[in-house]
Structures are given as C-alpha cells and as structure tokens.
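I have placed the structure first, in the form of structure tokens, so that the comments after it can refer back to it.
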There are 2 protein chains.
Amino acid sequence: MENLECIFCQKKYPMDIFNPFCPECQEPLLYPSPSKKRKFSLEKTSPLEKFLDFLPLSKIAPNLSLGEGNTPLLNLNRLRENFNFPPVFIKNETVNPLACFKDRGTAVAVQKAQSLGIKRIGTVSTGNMASSTAAYGAKAGLETFVLLKNDISTDKLLMTSMFSPILVKVEGDYGELFYKSFSLGRKHNIYFMNSVDPFRIEGYKVTGFEIFLQLESRIPQYIFAPVSSGGHLIGLMRAFLDLKKEGFIQHLPSFVGVQARGCSPIAQAYASGKSKVKRIKKAKTIAHSISNPDPPGGNIVLELIRENKGIILDVSDKEILKAQKMLAELEGIFCEPASSTALAGLLKLSEKDKLKPNDRIVLVITGSGLKAMDILDPSRINVRETTILSLEKTLDSLVE
Amino acid sequence: MENLECIFCQKKYPMDIFNPFCPECQEPLLYPSPSKKRKFSLEKTSPLEKFLDFLPLSKIAPNLSLGEGNTPLLNLNRLRENFNFPPVFIKNETVNPLACFKDRGTAVAVQKAQSLGIKRIGTVSTGNMASSTAAYGAKAGLETFVLLKNDISTDKLLMTSMFSPILVKVEGDYGELFYKSFSLGRKHNIYFMNSVDPFRIEGYKVTGFEIFLQLESRIPQYIFAPVSSGGHLIGLMRAFLDLKKEGFIQHLPSFVGVQARGCSPIAQAYASGKSKVKRIKKAKTIAHSISNPDPPGGNIVLELIRENKGIILDVSDKEILKAQKMLAELEGIFCEPASSTALAGLLKLSEKDKLKPNDRIVLVITGSGLKAMDILDPSRINVRETTILSLEKTLDSLVE
C-alpha cells in the first residue's frame, strides 16, 4: 500500500488516486521520499528509466512514452555578453513531444494509471495540459476526459481535439471546476491528473536531475522558472531536495519563481510575508499558460521557497514580451510568453542583486512560442515587398 | 581547398559556397565522401560531434547549436496492432528546436559559414526553412536574409520575424527566385543555404545515423520520408551509403519517398520511368511544406532511388489528413500534413506489397502540426458545452 503525505500536517495517508488532498488541511498531498538509498541508472537512455529510483514507479512501460525529456541545456552566450552576466543557460522544455514541460508530468502519471489498471484519465486545463494529457492518453489507449475553460483559444482546442479525447467546455469558476473534477472522477473511475497531481509533480523532478547532470554534477546558483498552479516549481525543488537527501549536493540552488503581474497571487503573498496564498479575482496577462488566479499548489510553493531561501517575483506583460523577443533575437529560442517570464525575472533580479561572476544561472523555458501565436502582433512584422525583377535593387538597398 | 562533386558528370569542382551547382549539367553539387576511414564518436552527446567524421566540418563550435537532433525513435504499437503490421517506428523530427527537421541541415550549414568567416547568410523558403535559418542566424550573430513567397501564411511569417532577420517577400516564380538568390548572394557575400545546399544535406545524414544506432546497429527494411525539394531524402540516403562504404552494413534499406498528389513532380517522373523531373505548373495540396513544383534535388533523388531500389509514391490530400489523424489518435503524435505523407505512403504500399513479419519500418516525421494549424478545420471539433452545475449530468451521459 502506497502513502501520500501532507508537508504541512506532516502526516501520511493511504494513497487515494481520486482525491490526493489532505483530509485535515485540504492541501495537495505529495509522494513521500523512500527510506532506501537511491541512485541514478546512467546506463539507461530513457529519462524515466535513468531516474527510476527517484520516481513513484516500480518499473517503466516503454510503450507509454512519447520520448519526453532529454532536453538540451543551452548556453546563452550572446545574452551573457550583452548584459555582462555570469554563465546563463536555458533548459529547453519546448522540445518535449507536445512542445511543453507538462509532458514530463503526464508521462509519469500515465505510467501510474496503467500500473493501477486505470482505464480512464482526465484533466482540467486551460491549454497545454489538455494536449499533453490527450496525447499520452491516446498513446496508452485510455479513455481521456478533458475539461476546459469555455474561453480556451481555438488553436489549443484544435490541437487537443486531434487526439480525440472526450472534450467538455465548462462554464463557471475554474478553481471550483478543478476541485469538483475529483469527486466526479471518483464516481466514474476517471483519474484526474490535474496540475498538482502528486505523480505529475514527481515527473517534473526529472528536469532537475537532468540540469544537475548537464552541469556535470554541479548545482546552479539560481534556477528561474515560471509559476502558475505551482506544480512545476514544486517538482523542480523536490529534485534538488532529493539530491541533497542522497548526499549528491550540500545545499539547494536559489529558486526564483516568476509570475505575470496580471496574475500573481503567489508573488503577492510572498511579498507581503503571508504563508497562505489568497486567490485573485481576475487574471489579466498575455502569459495565458500561467494565469491561474487560484493556484492549488500556491501554499506549498510558499513553504518550500521560504524553507530554502528562494524568491517569488512578478514581471509585467511588457517585460515578458521584451524577454520573449530577446531570447529569439539573441539566442534563436522561440518560447511562449509564460516561459520568457524566467528571463524577465533574471533581468529584474539582476537590477537589484549583484550577480557574481562564478554564478551559474538556469532559466527553465517551459513551452513553445508556437502555442501562443495569438499574442503576436502581425502589424509589427517588418517585411519588405518586392518582385523578382526588383529584388537586386531591394537587396542593394538593404545591404548597402 | 575543398571540393564538391557532381554525381551525374562524376567530376569534382573547387567548392564555391555562393553557387554550389555543376558548371556542366547545372545539377546541385554534393560534398564528396573522404577517402579516410570514418568512425562514430559514441562518447559524445552532441549529434554533430558524435558523427563529426561523417560531416563536412573539421570541428564543432558548440555555441552555434540550438540542441538539434537526438530525437526519439518511437515504436508505434497501437498502429501496428490495428493493421497487423511488422514493427513500425517513427523518427520524431518534430522535437527539433524549431519543430522541424530543417534544423539539422541549418546547424551544419551555419557551422560551415562560421568556419569560412561568412557574416551573412540567407535562405529562400516557403516557411519551415525560414524560421530555422533565422533562428540559427540569430544564435550565431549573423545577418540573415530570408526571401519568401508572397503567399506565406501569417503564422509562419510571425514566427520567423521573432528572430529579426531581414525579411523580403518576393512576387514571382519561386523556382526562378531559388536560382536568382545565388547570384545576388555572391554580389553581397550572402551565403544562401537553400534546400539542396550541400552542407545542409550532409546535416540530414545525422538522422540516418541516429536511426541506425537506435535500432541497435541494424537497418530497417523500409524508410518512408516526405519529399519536396529532395534535399532531405538525399541526405537520409547518403547516411546509409556512408554506412555501407564504411562496412557497417551490407545493403541499403528500401527508401520510399512520398509526395502529395497535388504536387508530385518526382513521383510522376518515377512512375513514367523518366530520369529527369519535369516541373509542374501549379501545386495544389494541403501539405504546404512539401509543395515544391520545381524541386532542385529531384533528378538526384530519381538517380539515388533507382540505383538503390527505392520507390517514389504519391498520396492524396484525403489520405494525408487521414494519416495525420491516425498518428494523433493512435500514437499521440501531432505532425503537419507534409509529415503524415510518410504513414499514408506506408498504408498505400502495404495494400500492394506484402510486408513481412520481420520487416522493420521507419517513418520520418518531419515537422510539428503546430506549424500548420491553418489546415485544421475548427468546425469539426467535437466538443460538449456545459456548466459547472450540469457537469455531473453531462459526464454521466458521456460515461454511462
């Protein structure tokens, strides 16, 4: 029998896949770390097999994988030179199968579903998690239920619909929908692997392990990551907590969670020294993928950030778009606005805190710009028009 | 001094980066294979370093990489079971940095540019090559010229413009523009790394080497790949020709190049037994990324296919869309229509030729479905609408 634990009440409870929340304080339950000694299986190529000891799975079914993970860590030389920064890297999660970090969590949750004999899975999503869950559900041959906000963009709906899940647009409060999905899931044996699902969060740890190995078993000084529901940042931090527990490292990197100012409930609680996140009324930001006004993992994020001397920042839409453009122009990286918050956060922090020349900085870039084409402004494209006959003259004038 | 060679005239010429075409027959020149013994450097993780011996480069500048390659080879179990096929795999090139196989070629061509001290690069593209070249140009700090057809989709233009290249839309014949770019490139020292650039083609070989290693140093019976200009298929075939030359394999896989019926000049020439491709007047297919009516590598493709007992097929738009949907529904893969031609080709071939149980089949999936959202039909999305209050009833009716 497996347990889940509440980090606030510090109690363990028998795992209930249909309701992974603390019966006492209602916070999301997490998968407890085992007492046995854990090690990497570096001879494996699949990330889930490589880090199996650290995952809530006893074995990996290779046929459920879409090839998630093993993403590059890229050195941002031109950005570094421009700002006289210490070494800055991005962990490029946009090259996951569905172009988003969510795949790492979905991969582990779907493995768990299969190991438990579950035939129906579901998710409540504003976009990226919908396509990820629908795709892995298709690969595994599971019946997949996707509950969506009724203002989802047509492109995100189109992409998700390709995998033929059962799609339901729901009018009403998104936070309420999130919690309601669990009781309906129990009724119909649908495992709702939502944003702070404990197995999903364990999957995000793999990104942290990869960063550690790609830096040749060293830790960066800072890790910047966008924060929405909180699940991703919790997973990243838990990776380094695991590494510390196993004696690989002595202390944690400084984690910097970045929110969009137009939807920054966790940053607001952090700034005012509160230990609980208060939901905000309405999100207003172009960073749609991180606009969760009622983040279910918010309190855990605050707790882990405080315990480990991290920071939560917010950045404006203007700073986000500037950082998105900078990553493209200087480094050839096309990410969605939700992801460029990481760079915007670094630029903001570097104004206040002096970065040291030997610091190593990692920005986790979570999703492809192809997922948010609707926020780009066609009127700002700088394109010349000419004919084949006049092309020589046009080029002459451009090159001079 | 480096040479390029013409496979038709069987002569070598001093390499001219601004005009890599045979002065006698005007066919694209290719990079000759060296006389020295070549081997894999399996201890390296970067694909370009791993296969450096097989590439037209003496060393790799790591700062020019966007993390291309190392893409997964996925087992299509559900498709296999549905059709009673032998093992079918996809080589998932959609998870390259710009979500397309082009990155592999651009990566090598940009390395070459830097090694030659070239400061300006360019490309003539209908879309995918534009964003790839602009991104790698940005990463390398090169001035990048992108010449586009004037009917390019807004989304493709938007994506490319993020990297701030010099963008020029050109009215007129695309084939003419392709050839004209070289003379203008010479005038202004712009290295036009177009579709059949010899260094780009060498970059595509890496995909072939990865397939070979991922199949544990065995060759598949069939490799299916979409064909447009011909550059990609030429590169894939050259990988296995190299492996044969070095004694790794005894014979080549059967290559099956697949074109869209609405733009299939190479398939038409193949079917009628001609040795030269005749350009077609007008392309008409939803597979925009492979709709080149005047493929510059067409004659080389025909020659290599004939020499090595390959096949060129064409498939209808209806078959292409059906295959795209099948890959998503059964295997969780979302690719653009140009890519699903590979599966459509397999389905077509399997009707005529009996596949043997021990055959291994590889489909090269070249680009992400996110690059062709415009061909998806929003009116066909099957989505229920409900409210939070009625959600239970809605789910009851869907599950029953």
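Some observations on this one:
- The apolar share of the surface of the protein assembly as shown, taken as the fraction of accessible area on carbon and sulfur atoms (1.4 Å probe, ligands and nucleic acids excluded), comes to 48 percent.
- Modelled spin labels at A:Lys59 and A:Ser183, positioned 7 Å past Cα toward Cβ, are 4.0 nm from each other.
- Nearest 10 degrees, 0 to 90: helix A:231-245 Cα axis against chain A principal axis: 70
- The residue among B:Ala135, B:Val383, B:Pro62 whose Cα reaches farthest toward the positive pole of the charge dipole of chain B, with charges on the beta-carbon of Lys, Arg, Asp and Glu, is B:Pro62.
- Across the identical copies, how the A:Thr154 labels are spaced - nm, sorted shortest first, 7 Å along Cα→Cβ: 1.0
- Computed FRET value (nearest 0.05) for A:Glu392 with B:Thr154, which takes r as the C-beta separation and R₀ as 22 Å: 0.20
- In chain A, the calculated helix contribution to ellipticity at 222 nm averages -11500 deg cm²/dmol per residue, counting -39,500 (n - 2.57) for every DSSP H run with n ≥ 4.
- At most 14 other Cβ within 10 Å, DSSP loop - trypsin sites (Lys or Arg not before Pro), the stretch B:164-229: B:Arg218
- Links that overshoot a 29 Å alpha carbon limit, given the list B:Lys11/B:Lys149; A:Lys112/A:Lys187; B:Lys156/B:Lys205; B:Lys309/B:Lys356; B:Lys112/B:Lys325: B:Lys11/B:Lys149; B:Lys112/B:Lys325
- The stretch B:43-94 and the stretch B:292-356: distance between their alpha carbon centers, rounded to Å: 19
- Dipole axis of the stretch A:273-367 (+1 Lys, Arg; -1 Asp, Glu on Cβ), positive-most option in A:Gly273, A:Thr366, A:Ser350: A:Gly273
- GNM top mover of B:Ala134, B:Ala113, B:Ala271 - chain B, alpha-carbon springs below 10 Å: B:Ala271
- B versus A: buried accessible surface, summed, Å² (probe 1.4 Å, to nearest 100): 6800
- Surface accessible to a 1.4 Å probe, per residue, for the residues of the stretch A:214-302, Å²: 38
- In the stretch B:351-383, the residues that give up 50 Å² or more of accessible area when the other protein chains are added, compared with the chain on its own (1.4 Å probe), are B:Leu370, B:Met373, B:Ile381, B:Val383.
- Relative to the Cα centre, the charge distribution of chain B, modelled as +1 at Lys and Arg Cβ and -1 at Asp and Glu Cβ, gives a dipole magnitude of about 1000 debye.
- Against chain B, whose longest principal axis comes from its Cα atoms, helix B:198-214 is set at around 50 degrees.
- Result for chain B in a Gaussian network model with C-alpha springs under 10 Å: among B:Asp353, B:Asp294, B:Asp197, the largest mean-square fluctuation is at B:Asp353.
- Using θ = phi - 60° in the Karplus curve 6.51 cos²θ - 1.76 cosθ + 1.60, the 3J(HN,Hα) couplings for the stretch B:266-282 round to 6, 4, 5, 4, 4, 5, 9, x, 7, 9, 10, 7, 9, 5, 9, 6, 9 Hz; x is entered for Gly and Pro.
- Taking Cα atoms only, the orientation of helix A:337-352 departs from the longest principal axis of chain A by about 80 degrees.
- Across the identical copies, how the B:Pro62 labels are spaced - nm, sorted shortest first, 7 Å along Cα→Cβ: 2.9
- For chain B, a Gaussian network of Cα nodes joined below 10 Å ranks B:Pro198, B:Pro23, B:Pro337 by mean-square fluctuation, and the top entry is B:Pro23.
- Here A:Asn3 yields copy-to-copy label distances, from shortest upward, of 7.4 nm, the label point defined as 7 Å from Cα along Cα to C-beta.
- Residue by residue, the stretch A:137-144 carries 3J(HN,Hα) couplings of x, 4, 4, 8, x, 9, 6, 10 Hz when phi is fed to the Karplus relation 6.51 cos²θ - 1.76 cosθ + 1.60 (θ = phi - 60°); x denotes Gly or Pro.
The values are calculated or read from the model by the stated rules, or taken from the named source; none is laboratory data. Note that this is a predicted model, so its numbers are computed, not measured. Every residue, glycine as well, gets a Cβ built from its backbone with ideal geometry; the counts of neighbours run over all protein chains shown. Accessible surface areas use protein heavy atoms only, side chains included; no ligands, DNA or RNA. Shrake-Rupley method; radii C 1.70, N 1.55, O 1.52, S 1.80 Å.
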